[in-house]
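Here's the structure we're looking at; comments come further down.
The values are calculated or read from the model by the stated rules, or taken from the named source; none is laboratory data. This structure is a prediction, so every number in the text was calculated from the model and none was measured. Cβ placement follows ideal geometry from the backbone for every residue including glycine, while neighbour counts extend to all protein chains displayed.
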Amino acid sequence: MKVTPTPLEGCFVVEPNVLYDERGYFMESFNEKRFEERTGVNVHFVQDNQSHSAKGVLRGLHYQTGEHAQAKLVRVLQGEVLDVALDIRPDSATFGQYFSVVLSSENQKQLFVPRGFAHGFLVLSETATFFYKCDNFYNKESEGGILFNDPEIAIDWQFQGEHLIISDKDKVLPLLKNSRPIW
């Protein structure tokens with residue numbers, strides 16, 4: 001497994017070793033011991049989530065607060081997405097900054113999003129199946145979110161805004177400056 005740090009502390013691009021032959025491929029998508037050796041992060045995942053979405057669907061930017069904060073390891077099983085991690089840790093040197101990466105079933109890249117980050121993704125292919133591991137259980141009362149087009153963050157979603165498909169809930173999320181504190 002190759003692990004590349006992003007400009008945001010604690011956030012990593014993870015590329016598993018993929019073994020191809022005439023039958024297809026095999027890969028180990030996650031190994032807790034190797035992940036800790038390469039990142040210094042001790043994480044134990046307790047919940048897996050999966051979604052399937054059409055082109056132009058934007059989900060996010062979401063996070064969990066307090067004791068229910070979640071670290072995530074995200075990947076795409078089918079299709080292609082633009083994945084975004086936004087640092088919302090108030091004491092971080094990169095507070096309010098984001099990192100984006102294209103994740104696809106072709107490149108097999110994954111993104112580790114640590115606690116204290118908001119997360120979202122936009123489907124670039126006709127459809128995409130998105131999968132992620134969480135190190136904490138979901139808690140509805142601890143939900144938080146930030147508006148995907150907050151002008152102070154200025155995320156480049158690489159897609160025309162009029163063609164986005166966004167849930168009613170995500171359309172009314174607050175700006176970062178008005179969002180729910182993470183701790």
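Structure above, values below:
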read-out: Residue match in the stretch 26-48 (condition: over 18 Å from the mean Cα position of the chain (by Cα), at pLDDT 95 or above, of a type in the set (Phe, Trp, Tyr) and part of a strand (DSSP E or B)); value: yes
read-out: Filtered residues of the stretch 138-153 (kept if in a loop (DSSP other than H, G, I, E, B) and more than 17 Å from the chain's Cα centre (by Cα)); value: ASN139, ASP150, PRO151, GLU152
read-out: LEU173 part of a loop (DSSP other than H, G, I, E, B), out of contact with any Cys (no Cβ under 9 Å at 6 or more places or on another chain) and in contact (Cβ under 8 Å) with a residue 24 or more places away in the chain; value: yes
read-out: Criterion violated by LYS72 - all others in (1) within 17 Å of the chain's Cα centre (by Cα); (2) of a type in the set (Lys, Arg); (3) surrounded by fewer than 17 Cβ atoms within 10 Å (Cβ to Cβ) satisfied; value: (3)
read-out: Residue in the stretch 130-152 that is modelled with pLDDT under 95 and farther than 23 Å from LEU73 by Cα present; value: no
read-out: Unique match (being within 27 Å of ASN31 (Cα to Cα) and out of contact with any helix residue (DSSP H, G or I) (no Cβ under 8 Å at 6 or more places or on another chain)) among PRO114, PRO151; value: PRO114
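Residue-wise test of (1) without any contact (Cβ under 8 Å) to a residue 12 or more places away in the chain; (2) surrounded by fewer than 13 Cβ atoms within 10 Å (Cβ to Cβ); (3) of a type in the set (Ser, Thr, Tyr); (4) in contact with an Asp or Glu (Cβ under 6 Å, 6 or more places away or on another chain).
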{"position": "CYS11", "(1), (2), (3), (4)": "no, no, no, no"}
{"position": "TYR20", "(1), (2), (3), (4)": "yes, yes, yes, no"}
{"position": "TYR63", "(1), (2), (3), (4)": "no, no, yes, no"}
{"position": "VAL101", "(1), (2), (3), (4)": "no, no, no, yes"}
